[in-house]
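Worksheet: one structure, shown below.
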Amino acid sequence: MEIYLVGGAVRDKLLHLPVKEQDWVVVGSTPEELIAGGFLQVGKDFPVFLHPETKEEYALARTERKIAPGYYGFQCNFDPSVTLEEDLSRRDFTINAIAEDLDGKIIDPFHGQQDLAAKIFRHISPAFSEDPVRILRLARFAARFAPMGFTIALETIALLREMVARGEVDALVPERVWQEMERSLKETDPTQFFMVLRTCDALKQLWPALDKLWGVPEKIEYHPEANVGIHVMMVLKKATELSSDPITRFAALCHDLGKGETPSNEWPSHKEHEERGVPLIEEFCQKYRVPNAYRDLAKMVSRYHINCHRAFELKASTILKMLERLDAFRKPERFEQFLIACQADFNGRIGSEEKAYPQAERLRAALHAAKNVDIKSLVDQNLMGEILKEKIHEERVRAIKEQLS
């Protein structure tokens with residue numbers, strides 16, 4: 001039995017990055033031998049074992065053969081005769097196909113260290129195209145490593161396009177698409193995830209409502225970038241600077257989806273785009289089983305981001321109505337997410353990247369004033385039902401008006 005550290009742990013060690021988890025491959029062994037050694041088998045489709053002490057994953061060296069479409073359409077061979085190089089050859093990128101033995105010696109049959117030095121993602125073999133999830137994984141890796149200068153080899157981009165053209169993306173299961181997207185939203189530059197998908201034409205298949213934004217113009221006086229797709233990426237990048245929260249970042253990404261539904265004869269104006277975006281968000285979230293917290297905030301930002309920008313123009317009663325519809329009194333944390341996404345929209349324009357956004361503080365002050373209305377004193381006046389409700393509303397409007405005057 002020979003044991004090797006493989007994959008991302010080796011890659012990150014060579015890049016002098018923190019290693020979050022370690023995966024191991026076992027050559028020349030069998031499931032029975034590992035179980036006898038105290039390992040716990042957890043893999044159903046192929047034997048993966050947890051170390052009895054460290055609980056790290058150990059997998060038997062294997063080869064794979066494509067027999068059906070999609071992520072699960074593989075036949076695996078775990079014979080003890082499978083070599084380390086054969087196991088590494090089935091992996092995705094050269095930089096992920098480097099192994100290290102227990103003495104610290106590096107085994108690198110596909111020259112991954114050269115590509116690490118050159119900061120290039122390059123597929124190992126044409127077998128890369130047999131697994132459509134690899135398109136998503138590469139896009140996610142770009143979201144993590146592009147800020148370090150990593151790029152994708154031209155031949156790999158060409159292969160991605162071939163995969164999309166022959167329909168491999170259609171075999172992706174919704175849950176896996178969202179899993180990779182959500183993980184990308186937590187990375188250093190999530191915009192790269194969507195740009196890679198767009199570069200290989202996969203975004204058009206996976207999220208057509210987002211992809212079509214690149215063909216939609218905007219008013220130059222408000223958006224010097226003059227292209228909704230470019231603006232949305234700028235907004236996502238700004239949201240990434242303002243918050244590490246993936247829910248907030250997702251809402252920022254979705255805020256202008258409705259502009260893709262504007263009739264072309266109305267361009268570059270986009271009246272009612274706020275409401276037009278809501279069903280698009282609902283459709284996407286339903287298709288990919290997106291958690292409700294993502295969906296709900298995204299819909300709110302789509303509906304109310306323009307009102308937020310106009311905070312200094314709104315009457316106190318209008319502000320209160322917006323706070324109520326945002327459920328800001330019961331969910332102040334989500335209200336903060338809303339404000340950050342709106343600020344990202346405001347700053348996500350050429351020339352406005354570092355401008356102040358006092359609208360957010362104005363709405364925070366309005367919420368604070370409205371929350372401080374003494375409801376108990378109104379109840380003590382024996383007000384009830386609709387009369388009490390109207391009085392609370394009246395007092396909150398008065399408090400907001402006084403606070404903002």
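What follows draws every value from the coordinates through simple rules; no lab data is involved. Since we're looking at a predicted model, the values are computed, not measured. Note that each Cβ is placed from the backbone with ideal geometry, even for glycine, and that neighbours are counted across all protein chains shown.
Under the rule of -39500 (n - 2.57) per DSSP H run of 4 or more residues, summed and divided by the residues of the chain, what mean residue ellipticity at 222 nm is obtained, to the nearest 500 deg cm²/dmol?
So the helix-based figure for the chain works out to -15000 deg cm²/dmol.
If amide hydrogens are placed 1.01 Å from N in the peptide plane, which non-local residues have theirs closer than 5 Å to the one on Phe121?
Amide H neighbours of Phe121: Thr151, Ile152, Ala153.
Most exposed first by the Cβ proxy, i.e. fewest other Cβ within 10 Å, how do Ser125, Ser29, Ser377 rank?
Ser377, Ser125, Ser29
Mind pulling the angle between the C-alpha long axis of helix 273-287 and the longest principal axis of the chain? Nearest 10 degrees, somewhere in 0 to 90.
Tilt of helix 273-287: around 40 degrees.
Can you list residues from other chains, or at least 5 along the same chain, whose modelled amide H is less than 5 Å from the amide H of Val48?
Close amide H contacts, sequence-distant or interchain: Val42, Gly43.
Work out the P(r) tail for the chain: percent of alpha carbon pairs separated by more than 34 Å, whole number.
So the portion of pairs separated by more than 34 Å is 43 percent.
For an R0 of 25 angstrom, estimate the FRET efficiency from the Cβ-Cβ distance between Thr54 and Glu32 and round to the nearest 0.05.
Here the calculated transfer efficiency is 0.75.
Please tell me the relative contact order of the chain in percent, rounded to the nearest whole number, where contacts are Cα pairs under 8 Å and at least six residues apart.
10
So what are the ³J(HN,Hα) numbers for the range 338-346, from phi and the Karplus equation (6.51, -1.76, 1.60; θ = phi - 60°), rounded to whole Hz, Gly and Pro as x?
Values per residue, Gly and Pro as x: 4, 5, 5, 4, 5, 5, 4, 5, 4 Hz.
Write down the percent of antiparallel bridges among all DSSP beta bridges whose residues are both part of the chain, to the nearest 5.
75
Going down the list Lys186/Lys299; Lys212/Lys287; Lys355/Lys401; Lys219/Lys321; Lys287/Lys321; Lys119/Lys186, which pairs span over 24 Å between their C-alpha atoms?
Lys355/Lys401; Lys219/Lys321; Lys287/Lys321
When N counts the residues of the range 119-206, how does its alpha-carbon radius of gyration compare numerically with 2.2 N^0.38 Å, as a ratio? Don't skip to the answer; put the middle values down first.
Values: Rg = 11.9 Å, N = 88, 2.2 N^0.38 = 12.1 Å.
The reported ratio for this selection is 0.98.
Taking the Cα centre of each part, how many Å lie between the range 266-282 and the range 345-405?
What the calculation gives is 27 Å, centre to centre.
Once the principal axes of the Cα atoms of the range 1-118 are found, what is the range along each, listed largest first in whole angstroms?
Computed over the Cα atoms, the extents are 40, 37, 24 Å.
Whole-Hz ³J(HN,Hα) for each residue in the range 205-222, computed from phi via Karplus 6.51 cos²θ - 1.76 cosθ + 1.60 with θ = phi - 60°, x for glycine and proline: what do you get?
7, 7, 8, x, 5, 7, 4, 5, 5, 5, x, 10, x, 10, 5, 5, 5, 9
If you plug each phi of the range 79-86 into the Karplus form 6.51 cos²θ - 1.76 cosθ + 1.60 with θ = phi - 60°, what whole-Hz ³J(HN,Hα) values come out, in order, with x for Gly and Pro?
4, x, 7, 5, 8, 4, 4, 4
Long-range amide H contacts for Ile107: which residues qualify at under 5 Å (H placed 1.01 Å from N, peptide plane, sequence gap of 5 or more or a different chain)?
Residues meeting the amide H criterion: Ala99, Glu100, Asp101.
Order these by the 10 Å Cβ neighbour count, fewest first: Cys254, Cys308.
Cys308, Cys254
At a 10 Å Cβ-Cβ cut-off, how would you order Ile120, Ile106, Ile340, fewest neighbours first?
By the 10 Å Cβ count, ascending, the order reads Ile106, Ile120, Ile340.
Using Cα pairs closer than 8 Å and at least 6 residues apart in sequence, work out the relative contact order for the range 275-405, in percent.
Reported relative contact order: 25 percent.
Work out the FRET efficiency for Glu21 and Asn382 from their Cβ-Cβ distance, taking R0 = 45 Å, and round it to the nearest 0.05. Show your work: numbers first, answer last.
Values: r = 62 Å, r/R0 = 1.38.
Using R0 = 45 Å, I get an efficiency of 0.10.
Rounded to the nearest 0.05, what FRET efficiency do Lys315 and Asp79 give with R0 = 60 Å and r taken as the Cβ-Cβ distance? Could you check?
The computed FRET efficiency comes out at 0.20.
To the nearest 20 debye, what is the magnitude of the charge dipole of the chain about its Cα centre, counting +1 on the Cβ of each Lys and Arg and -1 on the Cβ of each Asp and Glu?
1540
Compute a Gaussian network model of the chain, connecting alpha carbons closer than 10 Å, and tell me which residue from Leu116, Leu378, Leu257 fluctuates the most.
Result: Leu378 has the largest fluctuation of those listed.
Find, to one decimal place in angstroms, the Kirkwood hydrodynamic radius of the range 357-405, where the mean of 1/r is taken over every pair of different Cα atoms and then inverted. Don't skip to the answer; put the middle values down first.
Numbers: mean 1/r = 0.0875 Å⁻¹.
Mean inverse Cα-Cα distance, inverted, gives 11.4 Å.
Distance between Cα centroids, the range 230-248 to the range 7-48: provide it in whole Å.
Going from one Cα centre to the other spans 35 Å.
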